Structures are given as structure tokens and as C-alpha cells.
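Okay, handing you the structure first.
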Amino acid sequence: MHTVIDGLRELADDNRTVLVDGTHRVAGATLHDQARGLATHLAGRLPRGSVVSFMLPNWSEAAVVYLGALLAGMVVNPILPSLRDHELAFILADANCRMIFIPEEFRGHDYVAMLARVTAAMDTPPEIVVVRGDAPMTGAVPGDLPAVAPADPALLLYTSGTSGRAKGVLHSHDSIGALIGQIRDHWLIEPGDTFLVPSPIAHIGGSIYAFECPLLLGTTAVLMDRWNADDAVALMVAERCTHLAGATPFLEQILDAAERAGTRLPDLKVFICGGASVPPSLIRRATAYFDRAKVSRVYGSTEVPVTTVGALGDPDAAADTDGRPGIADIRLIDGEIRVRGPQMLLGYRHGEDESHDGDGYFRTGDLGRWDGDCLVVTGRAKDLIVRNGENIAPKEVEDILIGHPGIAEIAIVGLPDERTGERACAVIVPSSDPGPGLAEVRTFLADKGIARFKIPEQVETWDALPKNDAGKVLKHQIRARLTCR
């Protein structure tokens with residue numbers, strides 16, 4: 001298996017641009033030298049296999065940390081910069097972090113002060129290195145770099161914690177390498193292509209497009225540390241971006257911004273949309289608008305990234321389904337999606353978190369069905385609403401309601417009901433005030449031929465839905481807010 005370590009060594013004499021960070025352009029040889037320099041310092045300070053964290057925005061320095069730590073035989077742990085004391089304290093302790101790289105300040109937040117608070121309560125606090133600050137890492141005797149095997153643990157990512165505590169997901173060089181090979185084969189990626197990377201580099205998606213693809217596939221990554229759709233479109237035009245992968249809000253806003261700018265993004269070849277519910281109408285609108293881009297839904301998780309690769313050659317399947325399996329083996333057991341494949345996690349940080357069946361398939365907790373050879377994700381098992389003994393899959397109803405002209409966003413959750421067990425509540429973010437009420441929602445769905453028992457019995461209008469950094473709606477927060485009133 002050709003790993004990112006091999007790719008880094010091959011950059012030693014490569015002067016092509018691999019990263020674009022604002023006005024700063026990083027050549028391959030420069031990235032190689034900086035990562036190798038950091039690796040020797042890390043090897044001299046920490047035992048092999050130590051966890052090295054970074055809590056950085058989408059900055060080019062994060063690539064140096066990521067690659068330098070891997071070259072030194074460490075396990076890299078990216079942490080979202082949007083997390084705060086409580087979440088950070090849990091991750092640092094759970095991962096047994098030995099060193100963490102942070103910004104001095106970002107978006108008005110003082111990370112140095114936060115780390116001081118968090119580490120003061122730890123028995124074995126990690127060493128703190130401030131990036132773009134005044135105190136470079138010094139005092140280490142450079143160490144020898146170890147041999148790194150493809151099967152070695154490489155990446156520790158914590159799930160978003162949509163319910164319960166976050167879980168640490170371990171990937172190896174092998175599993176990430178398999179993932180990169182898969183997207184190369186299915187997403188029309190060629191050397192010289194350019195990815196726009198607005199997704200957080202602490203997520204599996206952002207990290208592979210920013211750190212792995214430039215080394216293994218010969219691409220360039222254009223980093224965005226602050227999301228603004230108009231700026232993104234300007235960057236895509238200036239840098240001739242060919243690929244973008246992100247959650248539904250990224251695609252929605254890119255489309256609106258491209259229309260404002262009067263561009264159809266002629267260099268864009270592929271837009272992959274996933275990480276949250278993706279309305280079929282949005283995929284069709286994007287496909288019709290962009291000059292030549294293939295736009296598709298995909299499905300995956302931190303544990304088994306890119307479980308499906310989309311349906312790039314089939315516009316209807318790309319919009320109406322979550323695509324075909326790539327290298328993953330998918331089976332449906334009582335409606336639950338179970339997956340295994342070479343891009344699957346090594347395991348969780350803690351054995352008690354394991355979620356595999358007796359045949360080694362990862363139990364996703366998601367529900368699905370087959371549409372020909374394509375998978376359709378119908379929702380989360382825990383999101384099923386059971387009303388008078390009938391199962392209601394909220395996503396089915398959400399996908400229809402998002403077509404209502406007065407609805408910008410929609411989430412349907414189950415709430416306790418003494419008479420029926422549960423009732424369906426539709427939480428709507430209107431596209432314009434006041435938004436549709438219950439009667440209008442019921443009529444709209446009835447006209448679409450939806451079974452009566454699936455139609456929501458309650459409608460709430462909110463200004464926004466709670467989401468994580470990947471754009472996934474946090475339904476447990478919606479339920480908590482509605483049931484605590």
C-alpha cells in the first residue's frame with residue numbers, strides 16, 4: 001500500500017503548489033522539509049505511538065503537523081476549533097494526548113487561555129505549541145525517524161457526539177490509503193486537479209482533501225478557514241477548482257453565490273454532497289446550473305468513510321439515491337445498514353464502543369433500502385417515529401417537504417404522546433415569514449400522496465436548526481428543546 005508517508009518522501013524535489021492558504025502558496029518541497037523537520041523534533045520528545053493533537057483552523061501549518069507527526073510514528077488527533085472547554089477536556093484526557101498545537105487566537109477566541117484552564121485540571125497535561133504565535137517549539141534533541149508500517153494506527157478522530165459521549169475512531173495508513181484510492185477511481189480525479197477545502201480539517205473529509213490527496217493523487221488543496229460562499233466562488237474561479245465535497249449548506253450557498261457572480265464554474269468537474277440530508281431537488285438544480293460538473297449524493301461515516309461513491313454517470317440516481325457501493329460491502333439487516341471494507345476503522349479507542357456484528361460488519365445505526373444497485377438512506381434507527389404501532393421514517397417526509405416553496409430547512413422528530421406513543425413534529429425554518437402552518441403542511445403532503453399516519457401532527461417555526469460543523473442536524477437537541485418546554 002502506497003501511504004502518505006511515501007507520498008511525503010516523493011515531495012522532496014517537487015516544486016509544484018500543493019497547498020493554497022490565502023496569499024500563501026506552499027510548494028511540495030517546502031512542505032516536505034517543514035514536515036520532516038517537525039518529525040525529527042517530535043521523535044526526540046515523545047515515544048513512538050504517542051497521540052499528537054491539533055486544534056487548528058484550515059491553515060497550511062496543520063498539514064505540517066499532520067504529516068510531521070505521522071512521519072515520526074505518532075497518531076494524529078485533529079480537534080475542531082469550534083469546541084470549547086468541556087469537549088476539549090474530554091478529548092485530551094480520553095486520547096491521552098501528549099502534545100497539542102493551537103492558534104493563539106481565532107475568531108475572537110483565546111485558545112491559549114482555554115488550554116491553560118483545561119490543562120490545569122489534568123494530571124498529565126499535554127505540551128502546548130502555539131501556531132502563528134511567538135513561542136516556537138524548542139529544546140528538543142532531534143530523534144531518528146522510525147519505520148512506519150501501513151497497518152500502524154495513524155488517525156484518531158472523535159465522532160460529533162450527536163448522542164452520548166464522543167467516540168474515538170482509529171484509522172490506519174492502510175484504511176486511509178484505501179479510501180484515497182477509491183475516490184481517485186470514482187470521482188474523476190487526475191494529477192493537477194484542485195480541491196476547494198472549506199470543510200473542517202478536523203473531519204475525515206476535510207483532512208483527506210487537504211493532507212492526503214495532494215500527496216497521493218497529485219492534487220492541490222485550496223484552504224478556507226472562514227466560510228463565505230461569495231469568497232468561495234471567487235476562489236474557485238481564480239484557482240480553477242475542479243472538485244468540492246461538502247455538506248448540503250455548502251452546495252446550497254455555492255449555487256446562490258455562483259448565480260450572483262454570474263458564473264457557472266466551468267472548471268468544476270465534481271461536487272460530492274453528503275454528511276447531512278441532501279434534497280434531491282438540490283442535486284438536480286446544481287446539475288442543471290453548473291457547466292459540466294457531475295453532482296451526486298454520497299453516504300459514509302467517520303468509521304467507514306465514503307461507503308457509497310455516488311452515481312456520477314446517472315443524474316437521476318445521483319439525485320434520488322445515495323449512490324452505489326465502491327470498495328465497501330454493504331448488507332441490510334432488518335433495514336439497518338451494515339458495512340465492511342478496506343476503508344473501515346481499525347477500531348474505537350475503547351473496546352466497549354465497538355459496534356460490529358459477528359461477521360465483522362460495522363453496524364451504522366442508519367436505515368436504508370436498495371433502489372436497484374444504489375443505496376437509499378432512509379434515516380437513523382433512533383430517529384424512527386413509532387405512532388400507533390406504525391413506523392415513520394422522518395427523512396422520507398422531510399425530502400418531500402423541502403420542496404415546499406415556503407420551507408428553507410426542515411427536521412421532523414418524534415415527541416412523546418400519551419395517546420399514540422409518539423407524534424411527529426415538523427420544525428421548519430421558513431424561506432420567508434411567516435412560513436407554512438400545520439394546515440398547509442398537511443395539505444401539501446396529502447397532495448403528494450403521503451399516507452395519513454406519516455403526516456406531522458405538530459409544526460414549529462424556528463430561525464435555525466442546531467447543527468454540528470459538518471452541517472448535520474442535531475435532532476437530539478431539537479427533541480430536548482421541545483420536550484423541556
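Readers should treat all values here as calculations from the given coordinates under stated rules, not as data from a laboratory. Computed from a prediction, not measured in an experiment: that's the story for all the values here. A quick note on method: Cβ atoms are made from the backbone with ideal geometry, for glycine too, and the neighbour counts reach across all protein chains shown.
For segment 4-172, what proportion of DSSP beta bridges, expressed in % and rounded to the nearest 5, is antiparallel?
DSSP beta bridges in segment 4-172 are roughly 45 percent antiparallel.
Return one quarter of the surface area of the convex hull spanned by the alpha-carbon atoms of segment 384-483, equal to its mean projected area, in nm².
Approximately 6.2 nm², given one-decimal rounding.
I've got another one for you. With the crude spin-label approximation of a point 7 Å out along Cα→Cβ, what separation in nm comes out for Arg117 versus Asp353?
2.4
Sorted by average packing, counted as other Cβ atoms within 10 angstrom per residue and highest first, what order do 287-293, 359-365 take? Before the final figure, lay out each step's value.
Values: 287-293: 14.6, 359-365: 16.4.
Highest mean packing first, the order is 359-365, 287-293.
To continue, here is another question. Choose one of Pro198, Gly108, Val131: the residue whose Cα lies farthest towards the positive end of the charge dipole of segment 87-219 (beta-carbon charges +1 Lys, Arg; -1 Asp, Glu; about the Cα centre).
Final value for the positive-end residue is Gly108.
Per the Kirkwood formula on distinct C-alpha pairs, the Rh of the chain is how many angstrom?
23.5
Mind checking the full-extension length gain between Thr23 and Asp185? Use 0.36 nm per residue of separation minus the Cα-Cα distance, one decimal, nm.
Stretched out fully, the Thr23 to Asp185 stretch lengthens by 55.2 nm.
Once Rh for segment 109-233 is found with the Kirkwood sum over Cα pairs, what is the Stokes-Einstein diffusion coefficient at 4 °C and 1.567 mPa s, in µm²/s?
After rounding, the answer is 72 µm²/s.
Modelled label-to-label distance, Glu336 and Glu104, 7 Å Cα→beta-carbon offset: nm?
5.0
Run through every distinct alpha carbon pair of segment 6-120 and return the Kirkwood hydrodynamic radius in angstroms, one decimal place.
About 15.0 Å for segment 6-120.
State the Cα centre-to-centre distance between segment 275-349 and segment 443-477 in whole Å.
22
Between segment 219-234 and segment 352-406, how far is it from one alpha carbon centroid to the other, in angstrom?
Each part's Cα centre sits 32 Å from the other's.
Also, I was wondering about something else. Taking the chain as the reference, fit the longest principal axis to its C-alpha atoms, fit the long axis of helix 111-120 to the helix C-alpha atoms, and give the angle between the two in degrees, 0 to 90, nearest 10.
So the inclination is approximately 80 degrees.
A further question on this structure: Classify segment 185-295 as rounded, prolate or oblate from the Cα gyration tensor: take a ≥ b ≥ c as the square roots of its eigenvalues, call it rounded if a/c is under 1.5, otherwise prolate when a/b beats b/c and oblate if not.
Rounded shape, in that the Cα axes give a/c under 1.5.
Right, here's the next one. Compute the acute angle (0 to 90°) between the alpha-carbon long axis of helix 280-289 and the principal axis of greatest extent of the alpha-carbon atoms of the chain; round to the nearest 10°.
Orientation of helix 280-289: about 70 degrees from the principal axis.
Work out, step by step, the length gained on full extension between Arg16 and Thr461: first 0.36 nm times the residue separation, then minus their alpha carbon distance; give nm to one decimal. Can you show the working numbers first?
Values: separation 445, 0.36 × 445 = 160.20 nm, distance 5.05 nm.
Stretched fully, the Arg16-Thr461 segment lengthens by 155.2 nm.
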